[in-house]
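What follows is a single structure, written as structure tokens, with notes after it.
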Amino acid sequence: MAARGWRLAAAAARPGGGGPGRAPGPGPASEPAPGPVPQPAAPAAASVYVHWPYCCKRCSYCNFNTYVVPAVDEAAVRACLVREAQTLLRLSRVKSVTSVFFGGGTPSLASPGTITAVLEAVMGAAHLPAGAEVTLEANPSSTTTARLAGFKAAGVNRLSIGVQSLDDVELRLLGREHTAAEAQAAVEAARQLFPGRTSIDLLFGLPGQSLGAWTQGLKAALGLCDDHISLYQLTLERGTALAARVWGGALPAPPQDLLADMYQTARTMLLAAGFRHYEVSNFARKVGCPYAVPPMLCHPCSRLSPHVTPYHTLPQGALSTHNLSYWRAEQYIGVGPGAHGRFVPHGEGGCSREARVQMLEPIAWMRAVQSRGHGTGKRVVLSPLEQLEEVLALGLRTDEGITHKRWGRFSPHLSLEAVFGAPGQALQQQGWMVLDGGGLRCTERGLAVLDSLLPDLLCQLQRRWGPTAPGPAPGPAPGGGTAPRGSSAARTGLRAL
Amino acid sequence: MALAGRTAMWWARLRSPCPSAAPLCLPPWLLAWPAACERLYSSRGKEKLDMSTYPVENIRNFSIIAHVDHGKSTLADRLLEITGTIAKTAHNKQVLDKLQVERERGITVKAQSASLFYNHKGVNYLLNLIDTPGHVDFSYEVSRSLSACQGVILVVDANEIDLKHADPERVEKQIEKLFDIPIDECVRISAKQGTNVEKVLKKIIEKIPPPQCNTSDPLKALVFDSTFDHYRGVIANIALFGGEIQKGHKIVSAHTKKRYEVNEVGILTPYEHPTHKLYAGQVGYVIAGMKEVTEAQIGDTLFLYKQPVEPLPGFKSAKPMVFAGMYPVDQTEYNNLKSALERLTLNDSSVTIHRDSSLALGAGWRLGFLGLLHMEVFNQRLEQEYNMSVILTAPTVPYKAILSSAKLIKEYGKAEITIINPAQFPDKISVSQYLEPTVLGTIVTPQEYIGKIIVLCQDRRAVQKDMLYIDEHRVMLKYLFPLNEIVLDFYDALKSLSSGYASFDYEDAGYQAADLIKMDILLNGNPVEELATVVHNDKAYATGKLLCERLKDAIPRQLFEIAIQAAIGKKIIARETLKAYRKNVVAKCYGGDITRRMKLLKRQAEGKKLMRKIGNVEVPRDAFIRVLKREPEK
């Protein structure tokens, strides 16, 4: 049948179109496909990000989508988060949710009841396996033991605490509401309730911060922390109070070399304390080695764990499952004002992965959710090349890099070797990258300068993709009577929703 | 002569390529203002004008002369408005400056003509205005325009007569002293506000003589400018010194002896408007099937077939002061660039062009320009009008060497050679003397800046020749400059240390002996051909150090350390080190928001494709020209 033949050809020609969202195994189609043409299998899994946009006070460095309002109509916000989660899960036809992350803003300001409601909505629309990671971002100023216990009862099983610094002067510079002592108490309380599942965030590269001050702070944090630490180099963002002070000359900008020293020193200290540096800014311990075959002797974890087990068979340990799903270019659904998502909207006939952003402003977002079930403000269909570009830019941030298997899911016809064979070798000779049986990844040196490597890698990908990539699928003959192609509407990029 | 007030100098960036026409009592053919994009067809479908109603005695051909930024183009705008040539709207700014580069920079580069119709005391006059550039680089254009005129309006900035710190009395006295123009000949105007602009028109009619020529004589037309139209070929701007010309006439070029048949004649309003004929004394354009870029030689005389005339004296050809290599970014673009250069040089015949090639940059050209601004404008026009991106090497002046080596003399066929490419700079061993070009520079400045200006001139190896108080406030200084000391940034430096008040002009002053050496700039040991330069021995160290320092700021940090060195022969005289990136990775991709991040990365990836690679070092293409030109203080 002509129509069928064309669709199959199209599916093969645009591997990235529906492939990445697909489950490793054949997932059961949720509904009978319209028309005679069988639909591609509905994607089975996604993670869910839920954005709580409110804070008590804006921090001096923060340019996130947050709002300080006198009173939050929590019941209304809760109803909208619930409704949007239901709508988007239905749109995505996701069967299983791998993790849920409550970020913000300050989601620990929400009541545990709101967390319960959203999680129930997720469980109502898809399967949330017992033990699936449910993380809540918490500020030390809103984390009494009682509140934390409430969150735990609501279903939260992992806490990410925004400690940022253990120095009161630094905390004031950052505009944080808490003191070092309060942060310490919060982490201790959290560890009681979430043993092995408490993460802390620290910032370095603050204006005027010395290497000594940073290592002192990190040492104190190591004495306090659980098995996961995120170390973020402070980024001066346009429009923030801190950036204005630095660019205006009121505060010194940290020198490049000092930032590099801070990063290297921190890395060394954390490796010595048994942590695995599994992403640019993230460290975890009591986890396995990422390399399935054979373990690299040079890798730090080979010294830590005598029994290196293939990565895929290990539990995630203290790694953040949720964040890994971004870096591995899995599907994720963003719920709440300004939340971002990447998924295939099978439920409305889409068959390509889309970049979606929910409306930024909470009131406008709520109105949209109330009237049409979700507040998506922008959706852009990602071309197979764009998807691969994201795979590259995100995957290389991790120590596991991009495995051949994952690359193959997005690019079945053009292997990692075919794309990065030549300059990859050059970069490999210079010691920035490794391309081997495990896949493509950065060396320790390469990871620190990834943003200088990526433009070249993207150029290389675009060059190879151009001539080698299969051309656009042959269009249906005019009046040929093929079933409408699901993606054609979405392919226009922006569409009134 | 007119004295113009300083006029609208806040050159509004071009709002629209053409002002919208407002209904006015105008001849119908002027109401529809052709949009720039329609220009190609602008002369079609219009009623042809009968120019016979303007006998020679009712014609005035004039130019407006002024320093750059004194308001010449604004005065031209007002004259066009008053005579109804263009509709009076708020958008008329630099109407005659048709090039994008002119509007962006607020300067006139290319002389333009416009025919104005004006009734004075019941007589209809045809006034042909030829707008001219003000910058010293373009004085060649000015001299060309003048040959078609019988008089000029001199515009002198008296600092805005409509503002309270204007000082027209003083400026009138200066003009009298400098040019012997009586004070009562001056007209005080504000072109910005239109004050007294009518008076200028009356003065033009009263003071400028009509052209001395006769329609009954045989055709004698001076080609004073030309433009190239992709569809119609060469459009030659002509001034008729005798006879008449119309469609179907067979004409001959005195220079090439080639024969053409006239397809179209017309006047410029300022866009082409066809007429039945052009008559002696009139200024307009002719299209006669000239296809080759070399056919419309500026200064050429056109006459009727079988009716030869004594050719008019041609122009002294423009003398290039600055040379630079130009290469396609990608050698596959060579032919496209070649054709763009040919077409652009037809519109700007002051550029000289020689084929050149380099090991590092491939096949290209060595171009001669009138000055650095001219070079920048030419480059910008290549980009804007022909969409070409090029590699430009460091500008150099034409040095000379007197050879002592018999072998080299034999090779060149002469003992004195001119060097327009530093790569061909002969070694000291085979040279008895190097010579550098000099110019006599004239600076007019308010006296309070004299001290700083003298220091600047001394720093540029200049020798003072004269110093004259024009009045109690203004001083005129004359210096003999080595040309290479002023081509790059002297004018900018002078303007900035005198808050824009000092003016500068120069003329050729021959060659002088000089202790010259060639200096190379190396990146990780690889020479940067764009930056190879000939310098005076006394300045080598300072120049080398400065170039290295500026390069350090202009080259982005890379994954490895970069040694930036200045070398004379094998001797390193300056070094800067650009350290490698040790850390360059964004800390966080917040909440899955990677769209912005991907955009930035892709922009960087695009940028990579345009980088010039020297060894393994990637350099943004504009880095070298930024290095050579002092950036304005930030």
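Any read-out appearing in this document is the output of simple, stated calculations on the displayed coordinates, not a laboratory observation. Just so it is clear, the structure is predicted and the values come from calculations on it, not from any experiment. Every residue, glycine among them, receives a Cβ derived from its backbone with ideal geometry; neighbour counts consider all protein chains shown.
Brief remarks follow.
- Net charge of Cβ neighbours under 12 Å - reference B:N336; Lys, Arg +1; Asp, Glu -1: -1
- Applying 1/(1 + (r/R0)^6) with R0 = 35 Å to the Cβ-Cβ distance of B:L600 and B:K338 gives a FRET efficiency near 0.45.
- Pairwise FRET efficiency - B:R170 versus B:R259, Cβ, R0 = 41 Å, nearest 0.05: 0.10
- Per-pair calculated FRET efficiency, R0 = 45 Å: B:K452 and B:T418 via Cβ, rounded to 0.05: 0.80
- Amide H contacts under 5 Å for A:S199: A:L159, A:S160, A:I161, restricted to partners 5 or more places along the chain or on a different chain, H placed in the peptide plane at 1.01 Å from N.
- The ellipsoid that matches the Cα gyration tensor of region B:147-207 has semi-axes, each √(5λ) in whole angstrom, of 20, 16, 10, with the longest given first.
- Cα pair distances of region A:194-280 binned at 10 Å [whole percent]: 16, 45, 28, 10, 0
- A simple spin-label model places pseudo-atoms 7 Å from Cα toward Cβ; at B:Y501 and B:E57 they are separated by 5.0 nm.
- The P(r) of region B:539-628 has a tail past 15 Å containing 69 percent of all C-alpha pairs.
- Shape analysis of region B:302-423 places it in the oblate category; the axes a ≥ b ≥ c from the Cα gyration tensor give an a/c of at least 1.5, with a/b not above b/c.
- Residue order, fewest to most beta carbons within 10 Å, for B:V200, A:V369: B:V200, A:V369
- If you look at the Cα atoms of region A:315-413, you get an Rg and a Dmax of 15.3, 46 Å.
- Per-residue Cβ neighbour rank within 10 angstrom, fewest leading, B:D217, B:D508, A:D201: B:D508, B:D217, A:D201
- Rg/Rh for region B:220-304, where both radii come from Cα atoms and Rh is the Kirkwood radius: 0.91
- Tail fraction, Cα-Cα pairs, region B:164-303, threshold 27 Å, whole percent: 41 percent
- Ranked B:T332, B:T215, B:T533, criterion: other C-beta atoms within 10 Å, fewest first: B:T332, B:T215, B:T533
- Neighbours of A:N63, meaning other residues whose beta-carbon lies under 13 angstrom from its beta-carbon, give a summed charge of +2 when Lys and Arg score +1 and Asp and Glu score -1.
- Approximate spin-label separation B:Y541-A:V169, in nm, with each point projected 7 Å along Cα-to-Cβ: 4.4 nm
- Projected area, mean over directions - region B:322-392, Cα convex hull, nm²: 4.1 nm²
- Partner lysines for B:K247 [C-alpha distance under 19 Å; skip if fewer than 8 residues away on the same chain]: B:K46, B:K48, B:K220, B:K258, B:K277, B:K291, B:K306
- Rg and Dmax [Cα atoms of region B:495-565; Å; Rg one decimal, Dmax integer]: 16.7, 49
- Convex hull of Cα atoms in region B:422-536, direction-averaged projection (nm²): 8.7 nm²
- Dipole of region B:539-628, positive end: most advanced residue of B:F624, B:I573, B:G544 [Cβ charges, Cα centre]: B:F624
- A simple spin-label model places the labels of B:Q193 and A:E177 6.0 nm from each other, with each point 7 Å out along Cα-to-Cβ.
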